[in-house]
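A.B. asks: Below is a structure I'd like to ask you about.
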Amino acid sequence: MSELLLTLAVKSVLVVSVCMLMVAYLTLAERKILGFIQLRYGPNRVGYWGLLQPIADGIKAFLKEELTPANADRKVFLLAPIISIAAPMLLLVVIPFGDTVTLFGREFTLYLSNPDIGILFVLGISTLGSYGGVLGGWASGNKYGYIGGVRSTAMMVSYELSMAFAVICVVLLSNSLSLVDIVHSQAGVWNIFKAPVAFLIFLISGLAELNRTPFDMPEAEAELCCGYNVEYSSMKFALFFFGEYTHLFILGCLTTTLFLGGWHGPLLPGIIWFFIKTFAVIFLCIWQRATFPRLRWDFVMKLEWKFLLPLAIVNVLATGFIVAIF
């Protein structure tokens, strides 16, 4: 028992540390990629090629003054950024980064746990992450923050539906709720080829859940002065920012697991294939941010309720029919 707990503790520390390091440098990667696309340099002053910029940003956030509005609900105001970063971190528990690896003559799994209801755990916890923005906007006592929180609630309720229907297609194809079983079921053909419509619905819904452009309605600097986090400063603001990039990393991991075959691939070790696919999805998310303008608020809602959700329902029915027949 003690050996099992020690193994679990070491794996947990390793997974969280690697994830946090990657998330920190995702901020630099996005700024560099956006700079390349927009014909500018991006960060290049701190360290060689700007590689120390995330560390400098972290130090700056620590040293900034922390302010709390007088009319804010102090407890909820402090709790909101913690929820925003804690929820996506919990999802690391069920992400299968690989199958097994042999070290010191023993086999170790490259995931922390494999519950039979793993995909339900993902859907439930990913929803909780949106509560950080909702509570932060409400608790700040600012009208712009409050409107941002309301928008975040509307988008969470709306796009969670189409995302769930896209996941149902994957469950029908793999006949399991376990993320590891879903990856094993893609050993021959990836789900992106079996259910391309579900892949597109999942990716679009994921971007909306992340509040990424063109769905950054809860922030919307032009009309809401940064929206739900307008009253936050110092490390509380940094936690919101860090939570967004952690969500982006988790979206890449989940897309890889559900649709891109997980760790399956030729020649290279499975864990390397997993991260290649994950960063390809992240690059796609960054690329579309530099490509598409922000949508109008009513268009964001129409996209979900009049197009994505009906399409997702029809897609589930079609997938179920095909699975039943063939």
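The values are calculated or read from the model by the stated rules, or taken from the named source; none is laboratory data. Keep in mind that what you see is a predicted model, and the values were worked out from it rather than measured. Positions of Cβ are backbone-derived with ideal geometry, glycine not excepted, and every protein chain shown enters the neighbour counts.
A.B. asks: If I filter region 185-218 down to residues being touching a residue at least 60 places away in the same chain (Cβ under 8 Å) and among the small types (Gly, Ala, Ser), which single residue comes out as nearest to SER84 (Cα to Cα)?
C.D. replies: ALA208
A.B. asks: Pick out the one residue from GLU231, GLU221 that is acidic (Asp, Glu), surrounded by fewer than 18 Cβ atoms within 10 Å (Cβ to Cβ) and within 20 Å of ALA80 (Cβ to Cβ).
C.D. replies: Among GLU231, GLU221, only GLU221 is acidic (Asp, Glu), surrounded by fewer than 18 Cβ atoms within 10 Å (Cβ to Cβ) and within 20 Å of ALA80 (Cβ to Cβ).
A.B. asks: What residue, among those in region 90-107 that are assigned to a loop (DSSP other than H, G, I, E, B) and touching a strand residue (DSSP E or B) at 6+ places or on another chain (Cβ under 9 Å), is nearest to SER130 (Cα to Cα)?
C.D. replies: The extreme case among them is PRO96.
A.B. asks: Considering each of ILE182, ILE192, ILE201 in turn, give the residue that is modelled with pLDDT of 90 or more and surrounded by fewer than 22 Cβ atoms within 10 Å (Cβ to Cβ).
C.D. replies: So the residue among ILE182, ILE192, ILE201 that is modelled with pLDDT of 90 or more and surrounded by fewer than 22 Cβ atoms within 10 Å (Cβ to Cβ) is ILE192.
A.B. asks: State whether one or more residues within region 141-151 are closer than 19 Å to LYS277 by Cα, at pLDDT 80 or above and not in a strand (DSSP E or B).
C.D. replies: no
A.B. asks: Further question: Could you please tell me which pairs satisfy a Cβ distance under 6 Å, a separation of 6+ or placement on different chains, a first residue in region 288-306 that is under 29 Å from ILE37 (Cα atoms) and touching a residue at least 40 places away in the same chain (Cβ under 8 Å), and a second residue that is part of a helix (DSSP H, G or I) and not basic (Lys, Arg)?
C.D. replies: Correct list of pairs: ALA290/LEU34; ALA290/ILE37; GLU304/SER158; GLU304/TYR159.
A.B. asks: Filtering region 65-116 down to residues that are closer than 19 Å to SER176 by Cα and among the acidic types (Asp, Glu), which residue is modelled with the lowest pLDDT?
C.D. replies: It comes out as ASP99.
A.B. asks: Would it be correct to say that ILE168 is crowded, with 24+ Cβ neighbours inside 10 Å, β-branched (Val, Ile, Thr) and in contact with a helix residue (DSSP H, G or I) (Cβ under 9 Å, 6 or more places away or on another chain)?
C.D. replies: no
A.B. asks: Anything in region 15-60 that is within 24 Å of the chain's Cα centre (by Cα) and loosely packed, with under 11 Cβ neighbours inside 10 Å? List them, or say none.
C.D. replies: Within region 15-60, just SER17 meets the criteria.
A.B. asks: Further question: Would you please list the contacts, defined by Cβ atoms under 8 Å and residues six or more apart or on different chains, that run from a residue in region 72-89 that is touching a residue at least 60 places away in the same chain (Cβ under 8 Å) and outside any helix (DSSP H, G or I) to a residue that is crowded, with 17+ Cβ neighbours inside 10 Å and of a type outside the set (Lys, Arg)?
C.D. replies: Pairs found: ALA72/ALA139; ALA72/SER140; ALA72/GLU231; ASP73/TRP138; ASP73/ALA139.
A.B. asks: Could you list, in sequence order, the residues of region 114-166 that are closer than 30 Å to THR100 by Cα and among the aliphatic types (A, V, I, L, M)?
C.D. replies: ILE117, ILE119, LEU120, VAL122, LEU123, ILE125, MET163, ALA164, ALA166
A.B. asks: Filter region 213-253 down to the residues that are among the polar types (S, T, N, Q) and farther than 26 Å from PHE299 by Cα and list them by number.
C.D. replies: The answer is SER233, SER234, THR246.
A.B. asks: While we're here: Please name all residue pairs, on different chains or six or more residues apart, with Cβ atoms under 6 Å, provided the first residue is in region 26-41 and is without any contact (Cβ under 8 Å) to a residue 12 or more places away in the chain and the second residue is part of a helix (DSSP H, G or I).
C.D. replies: Qualifying pairs under 6 Å: TYR41/GLY35.
A.B. asks: In addition: Specify which of the listed residues (TYR232, TYR159) is assigned to a helix (DSSP H, G or I), in contact (Cβ under 8 Å) with a residue 40 or more places away in the chain and either over 20 Å from TRP273 (Cα atoms) or not aromatic (Phe, Trp, Tyr) (or both).
C.D. replies: Just a single option satisfies the conditions, and that option is TYR159.
A.B. asks: Quick one: which of VAL189, VAL170 is of a type in the set (A, V, I, L, M), farther than 30 Å from PRO69 by Cα and under 19 Å from the mean Cα position of the chain (by Cα)?
C.D. replies: None of the other options fit; the residue is VAL170.
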